[in-house]
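The values are calculated or read from the model by the stated rules, or taken from the named source; none is laboratory data. None of the values given here were measured: they were computed from a predicted structure. Cβ coordinates were reconstructed from backbone atoms using ideal geometry, including for glycine residues, and neighbour counts include every protein chain displayed. Accessible surface areas use protein heavy atoms only, side chains included; no ligands, DNA or RNA. Shrake-Rupley method; radii C 1.70, N 1.55, O 1.52, S 1.80 Å.
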Amino acid sequence: MDDLDRKILSLLAHNARMPVKEIAEHVSLTSPAVSSRIHKLESDGIIGGYTVVLNRPANRLYVDALISLSVAPSEREGLLSLLQNSKEVLQCYHVTGEYTFLIKVSQKLGSTCTQIILSTPVDHGPLEALQL
């Protein structure tokens, strides 16, 4: 699947009944070329049913994770802008409780490991690190 296929899928996700001719105009291809690509996406199982059902390609491993994050109210807009422009972020929920946001991410990885820095008992700063 390439960028052109993703653009076709995006158009279909917004309007699954969009005519092939209209899709072709949006992606600068002929109608037969678009039909061929759509048929390939169907046969690969990426498009299923009457509406567009986007499935992950079977030949890739994905890891989904939920990240709880707390930010100051003054930093929320900046964070949301960053998340909006990150393709790994699937969803972001504004939640109640100890944390402000619950962020669902997905990455093409076999496994993942996350550490969160709780404090920095020793911090000699970047100047000392450059002298190593």
Checklist entry - Is it fair to say Ala58 is hydrophobic (A, V, I, L, M, F, W, C) and surrounded by fewer than 13 Cβ atoms within 10 Å (Cβ to Cβ)? => result yes
Next on the checklist: Being at pLDDT 65 or above, within 26 Å of the chain's Cα centre (by Cα) and over 22 Å from Ser70 (Cβ atoms) is the filter here; which residues of segment 108-128 pass it?
Outcome noted: Lys108, Leu109
Next on the checklist: Under 7 Å between Cβ atoms, which residue pairs at least 6 apart in sequence (or on different chains) link something in segment 1-29 that is farther than 14 Å from Ile47 by Cβ and open to solvent by less than 70 Å² (accessible area, probe 1.4 Å) with a partner that is modelled with pLDDT of 90 or more and among the polar types (S, T, N, Q)?
Outcome noted: Ala24/Thr30; Ala24/Ser31
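A quick yes/no check of all residues on (1) touching a Gly at 6+ places or on another chain (Cβ under 9 Å); (2) of a type in the set (S, T, N, Q); (3) open to solvent by less than 70 Å² (accessible area, probe 1.4 Å):
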position: Ala65; (1), (2), (3): no, no, yes
position: Leu69; (1), (2), (3): no, no, yes
position: Gly78; (1), (2), (3): no, no, yes
position: Ser81; (1), (2), (3): no, yes, yes
position: Gln84; (1), (2), (3): no, yes, no
position: Thr100; (1), (2), (3): no, yes, yes
position: Val105; (1), (2), (3): no, no, yes
Checklist entry - Which is at pLDDT 90 or above, under 26 Å from Phe101 (Cβ atoms), more than 22 Å from the chain's Cα centre (by Cα) and not in a strand (DSSP E or B), of Ser74, Ser81? => result Ser74
